[in-house]
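To start, the structure under review is shown below, and the notes come after it.
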């Protein structure tokens, strides 16, 4: 995607009165919820079932936690918040990106697998220590290493819930730069996750505007981490969106 086309899109975003930013509305989401049986059933199953037993029976996961000095302490409030906010937001953005993909890329994507993995991609954060997850300042290298384990932890948790292999692979690799450029499903999930995170308010940063978030993401396009056509689908969806793009704050 050329500079001229990108600049036209960014100008349209900055001038579009329908694209607004909500810094204090935790109940505002990117778009209309698109519920299905999976979306409503699995989070409830995970929260109602004794997730502690599921985790403690997983020898590989227990070894991973021990190796990295991560205590087996469960932040279930974080898990509920993820399902209700960031995960749902990421899922809806995934749907929007998919709808705006060129037909050739859309044929290589699986929308259900993308949306299922979007809902579950950060579930591993249930075991990330709160002092790391909610730290208001920059993470140390050691803390970053712990935070980066959430994808593998999520995979280890979910592999015992009977999910299909593609969803598990997407959860496990959504931060894996070596895999992302070669997989359309992973490209869509990663881009949606990145945009949602940038436009959320977190303890260590304010929420970025859509324009600033897209400008930051574009650097990853230039580094060949993100397919320009997938990025363009995100931009087009934001520009064309009729309803307000509302970004919920996360405390």
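Just so you know, all these numbers are worked out from the coordinates, no wet-lab data involved. All values reported here derive from a predicted model rather than from experimental measurement.
Here are the numbers for the structure shown:
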read-out	value
Ratio of the Cα radius of gyration of the range 88-148 to 2.2 N^0.38 Å, where N counts its residues	1.52
Shape metrics for the range 49-202, restricted to C-alpha atoms - Rg then Dmax, Å	15.5, 46
√(5λ) per eigenvalue of the Cα gyration tensor, the range 132-251, largest first, Å	24, 21, 15
Gain in span if fully extended, residue 103 to residue 69, counting 0.36 nm per residue against the direct Cα distance	7.6 nm
